[in-house]
Amino acid sequence: MGSNSAKQPANVVSTVSVDPNHQRSANALVHVLDQFMPELRERNTPDRDELLAQHPELAPQLADCLDGLDFIHRASSADSDAGSVG
């Protein structure tokens with residue numbers, strides 16, 4: 001056993017596969033949200049139902065994202081309103 005008999009980790013390429021349909025949906029969702037965000041940042045309130053109707057294949061995921069964005073938007077608005085009182 002004069003040589004190094006310890007096993008060296010093999011260079012292994014990850015075998016985790018990503019469902020191509022899932023990846024396309026994720027990319028499409030990001031694209032829709034990228035278009036939505038400037039309106040939200042400008043304090044415009046885009047029509048949620050219209051946005052969901054325009055993207056029915058993404059509606060469940062998009063609705064979840066919009067819920068989260070709405071929560072963050074309301075929380076940040078409440079913080080800025082509380083900071084201006086006084």
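If you scan the range 5-37, which residues turn out to be of a type in the set (Val, Ile, Thr) and either surrounded by 11 or more Cβ atoms within 10 Å (Cβ to Cβ) or at pLDDT 55 or above (or both)? Across the range 5-37, the qualifying residues are Val18, Val30, Val32.
Only residues that are in contact (Cβ under 8 Å) with a residue 24 or more places away in the chain and either exposed (fewer than 14 other Cβ atoms within 10 Å of the Cβ) or within 23 Å of Arg24 (Cβ to Cβ) (or both) were counted in the range 38-65, giving 6.
The values are calculated or read from the model by the stated rules, or taken from the named source; none is laboratory data. None of the values given here were measured: they were computed from a predicted structure. Positions of Cβ are generated from backbone atoms using ideal geometry, with glycine treated the same way; all protein chains shown enter the neighbour counts.
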